[in-house]
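What follows is a short report on a single structure.
The values are calculated or read from the model by the stated rules, or taken from the named source; none is laboratory data. What you see is a predicted model, and the numbers here were worked out from it, not measured in a lab. Methodologically, a virtual Cβ is constructed for each residue, glycine included, from the backbone with ideal geometry; neighbour enumeration extends over all protein chains shown. Note: areas computed on protein heavy atoms with side chains; ligands, DNA, RNA excluded. Shrake-Rupley method; radii C 1.70, N 1.55, O 1.52, S 1.80 Å.
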There are 2 protein chains.
Amino acid sequence: MRDVAVIGVGMTKFGELWDKQLRDLFVEAAIQAIDDANVDLKDIQALFIGNMSAGLWVEQEHVGPLLADYLGVKGIHTYRTESACASSGVAFRLAFMSVALGLYDIVLVGGAEKMTDVTAPESTHHLACAADREWEAFNGATFPSLFALIARRHMYQYGTTREQLAKVAVKNHKNALYNPKAQFRREITIEDVLESPIVADPLRLLDCSPISDGAATVIICKAEIARKFSDTPVYVIGSGMATDTIALHDRPDITVLYATVKAAKEAYKMARVEPKDIDVAEVHDCFTIAEILAYEDLGFCKKGEGGKLIDEEETEIGGRIPVNPSGGLKAKGHPVGATGVAQIVEIVTQLRGEAGKRQVSNAEIGLTHNIGGTGSSCVVHIFSRSKR
Amino acid sequence: MRDVAVIGVGMTKFGELWDKQLRDLFVEAAIQAIDDANVDLKDIQALFIGNMSAGLWVEQEHVGPLLADYLGVKGIHTYRTESACASSGVAFRLAFMSVALGLYDIVLVGGAEKMTDVTAPESTHHLACAADREWEAFNGATFPSLFALIARRHMYQYGTTREQLAKVAVKNHKNALYNPKAQFRREITIEDVLESPIVADPLRLLDCSPISDGAATVIICKAEIARKFSDTPVYVIGSGMATDTIALHDRPDITVLYATVKAAKEAYKMARVEPKDIDVAEVHDCFTIAEILAYEDLGFCKKGEGGKLIDEEETEIGGRIPVNPSGGLKAKGHPVGATGVAQIVEIVTQLRGEAGKRQVSNAEIGLTHNIGGTGSSCVVHIFSRSKR
């Protein structure tokens with residue numbers, strides 16, 4: 001396999017962007033990445049696009065040709081992937097493999113979702129399509145309720161506390177203060193979280209990531225030509241992927257996301273690094289409990305000790321393993337199809353040392369962790385400032 | 001690139017299958033392919049799944065992990081692609097490349113769609129999501145009307161007749177008589193077509209492919225191990241892909257599907273064959289006019305002479321270039337996400353010499369042609385009984 005580098009990144013602001021359509025969001029992010037990478041449109045040989053459900057949200061499928069057309073590269077090879085909230089993580093993996101294995105030399109990978117043109121109950125319905133329709137969603141289980149089950153069991157099994165969950169949201173809101181692209185740029189307190197309305201006990205409103213519009217894109221190329229385009233290429237050194245049962249109730253232990261464990265193992269092996277080598281991570285905190293699970297399943301701490309890790313402030317910027325310096329899904333926003341690539345945008349920005357007031361110092365190796373549903377799919381990538 | 005072979009095929013009956021869900025259909029087809037290929041479940045390293053819009057039709061996204069789970073291979077790498085009616089053609093291309101380039105040795109590629117759980121107007125809406133929502137579908141343009149525009153222009157520009165269009169449907173219904181998996185197994189006459197209700201002038205009901213449920217799967221592997229599993233491996237010798245404007249009105253000439261021309265050129269070049277070398281083809285006859293366009297854009301005849309080709313019966317089984325011996329989308333059925341792989345199932349069956357009464361004699365090289373929307377995306381593959 002050839003070495004692969006990220007040479008450009010782009011991202012829209014995340015939020016309720018009522019004046020922008022899906023296509024506008026994607027093109028805005030793509031042009032930023034193209035400018036950042038100093039490539040011409042004609043240099044791009046293929047598009048890989050992650051989108052969960054434009055069919056449901058904006059009555060638009062055939063998302064690949066649509067976005068290629070509006071970017072001005074009609075005719076180009078275009079692949080759209082869907083894996084619920086991991087849609088663009090999967091797109092990135094395919095793009096990475098296509099360059100590593102020699103199918104293309106330069107490709108653009110993006111993710112986009114436009115979620116706010118419908119009511120909140122409709123969005124909740126659309127999101128529930130990532131669960132098992134017949135056994136979960138049909139019977140009324142939505143994602144807050146499924147993650148509430150996980151949280152309750154984690155509290156029972158490991159003594160994780162309500163306050164520890166709240167601290168995840170507090171940390172991520174604090175980080176987002178310094179991210180101009182984030183949806184929520186205001187500090188919150190533990191009390192704010194504990195007093196916010198209950199969504200699905202024990203999860204409250206401020207434990208949940210929001211419904212968002214947004215897009216993120218990156219340009220990758222074979223490493224040997226990366227310095228023609230960028231003074232600060234960031235190398236992709238590991239990629240792992242896994243799936244799990246679609247329904248949460250089919251797992252032996254719902255406090256473990258087995259797909260995360262498996263995907264991380266693959267990525268660490270390929271990158272020849274261990275969890276302790278990771279300097280900064282963007283993990284999939286769709287709910288606060290999901291970030292606690294990620295700490296454990298990625299190996300940043302032992303199983304059951306995720307709550308302790310947040311108590312010890314080890315995942316703050318400045319801690320042993322800073323997590324979600326961007327603000328995470330919780331505060332940066334979670335346009336589901338864009339999230340996987342948006343995590344990569346943040347890690348590349350961190351490894352370049354361009355993250356401003358949210359910069360993790362001396363970040364050499366970064367990790368992204370993107371899940372679909374209750375962890376029915378997972379993609380993990382590892383990045384480095386230097387070639388391995 | 002390594003040589004790649006198809007070693008197993010599977011397909012459900014196509015039709016209104018009210019007692020089967022999306023997951024049932026996929027698993028049924030997958031088990032057939034697994035049995036046909038003599039592989040174990042544990043030999044399969046990844047799934048590539050094409051599905052246009054389970055979100056809209058059955059309120060189910062996250063289609064990859066769902067189908068992996070129900071097939072009994074949870075954990076496995078799983079990729080779902082969407083490119084409207086070319087969704088599983090794209091899945092096949094990615095699967096082929098992944099094996100050709102060494103990412104995997106044995107993978108399963110499938111397509112599935114469950115379209116009949118909703119009303120016909122709802123299905124028409126969902127299909128229209130493959131067009132440009134803002135400029136076409138929003139203003140009332142559905143696919144029959146868009147292909148009607150193409151048909152009317154083709155008649156004006158090249159003198160194509162109503163009867164020539166009808167002959168496509170008559171031929172495909174005749175072929176489907178001998179396909180036990182086909183949705184419509186009854187002969188129709190030119191008069192039947194011309195007297196059927198108008199859908200969008202000049203297209204009538206019997207010019208249109210039906211709404212269908214169904215799934216199709218194939219198993220591919222690196223060619224060097226193919227004979228361990230199959231006495232009749234069929235080799236993938238060409239793959240081409242292209243996109244075009246999402247909206248029909250943005251094309252310079254609506255009687256040409258430029259994406260077909262481009263994808264075919266790539267596939268012919270890779271396979272080192274010319275149109276005259278193709279012994280049998282499955283083309284995307286979503287409407288009768290689309291088969292006429294395919295004749296021309298794939299190079300089976302000159303531009304504008306598609307009507308003449310059907311008049312001369314050259315695309316009948318026994319003609320110079322038999323097209324759609326399976327019955328095509330028109331008579332075999334068109335569960336949109338399954339169609340691309342279903343075409344491959346038919347070509348592999350033909351090249352193996354196992355097509356029974358619809359067998360094209362001495363078929364050595366076959367082609368599949370799968371489009372999305374009005375040709376906003378296209379995938380062409382070429383297969384051979386012998387390695388190239």
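Quick notes on this one:
- Across segment A:361-388, the qualifying residues are those that are open to solvent by less than 10 Å² (accessible area, probe 1.4 Å) and part of a loop (DSSP other than H, G, I, E, B), and the one among them that is farthest from the other protein chains (Cβ to nearest Cβ) is A:Ala363.
- Taking segment A:189-289 and the helices (runs of 4 or more DSSP H) fully enclosed by it, the elements with 1 or more residues that are in contact with a Gly (Cβ under 7 Å, 6 or more places away or on another chain) are at A:258-271.
- Residue within segment B:196-203 that is modelled with pLDDT of 95 or more, within 14 Å of chain A (Cβ to nearest Cβ), under 23 Å from the mean Cα position of the chain (by Cα) and closer than 30 Å to B:Glu313 by Cβ present: no
- Check on A:Ile292, more than 23 Å from A:Thr116 (Cα to Cα), aliphatic (A, V, I, L, M), assigned to a helix (DSSP H, G or I) and in contact (Cβ under 8 Å) with a residue 24 or more places away in the chain: yes
- Flag for B:Ala29 being in contact (Cβ under 8 Å) with a residue 12 or more places away in the chain, farther than 23 Å from B:Ala331 by Cβ and small (Gly, Ala, Ser): no
- Failed item, numbered, when A:Lys303 is tested on (1) in contact (Cβ under 8 Å) with a residue 40 or more places away in the chain; (2) in a helix (DSSP H, G or I); (3) surrounded by fewer than 23 Cβ atoms within 10 Å (Cβ to Cβ): (2)
- Subset tally (residues that are on the phi < 0 side of the Ramachandran plot and open to solvent by 10 Å² or more (accessible area, probe 1.4 Å)) for segment A:58-80: 8
- Residue check for A:Thr124: among the polar types (S, T, N, Q) and either in contact (Cβ under 8 Å) with a residue 40 or more places away in the chain or in contact with a Lys or Arg (Cβ under 7 Å, 6 or more places away or on another chain) (or both): no
- Scanning segment B:43-85 for residues that are touching a residue at least 12 places away in the same chain (Cβ under 8 Å) and over 28 Å from B:Gly240 (Cα atoms) yields a count of 9.
- Some residue of segment A:329-349 being farther than 24 Å from A:Val9 by Cα, at pLDDT 95 or above and in a loop (DSSP other than H, G, I, E, B): no
- All positions within segment A:69-99 that are at the interface with chain B (Cβ under 7 Å from one of its Cβ atoms), within 17 Å of A:Ala338 (Cβ to Cβ) and either out of contact with any strand residue (DSSP E or B) (no Cβ under 8 Å at 6 or more places or on another chain) or among the hydrophobic types (A, V, I, L, M, F, W, C) (or both): A:Ala84, A:Val90, A:Leu94
- For segment A:9-28, taking the residues that are touching a Gly at 6+ places or on another chain (Cβ under 9 Å) and part of a strand (DSSP E or B), the one that is surrounded by the fewest Cβ atoms within 10 Å (Cβ to Cβ) is identified as A:Gly15.
- Conditions (1) within 13 Å of chain B (Cβ to nearest Cβ); (2) open to solvent by less than 10 Å² (accessible area, probe 1.4 Å); number of the one not met by A:Leu127: (2)
- One residue alone among A:Ser88, A:Ser145, A:Ser123 is touching a helix residue (DSSP H, G or I) at 6+ places or on another chain (Cβ under 8 Å), assigned to a helix (DSSP H, G or I) and closer than 21 Å to A:Ala247 by Cα, and that residue is A:Ser123.
- You will find that of B:Arg80, B:Arg93, the residue that is in a helix (DSSP H, G or I) and at pLDDT 95 or above is B:Arg93 and no other.
- Candidates are the residues of segment A:108-120 that are in contact (Cβ under 8 Å) with a residue 24 or more places away in the chain and either within 13 Å of chain B (Cβ to nearest Cβ) or part of a loop (DSSP other than H, G, I, E, B) (or both); the one that is nearest to B:Glu82 (Cα to Cα) is A:Glu113.
- Of the residues in segment A:152-172, not one is within 11 Å of chain B (Cβ to nearest Cβ) and more than 20 Å from A:Thr255 (Cα to Cα).
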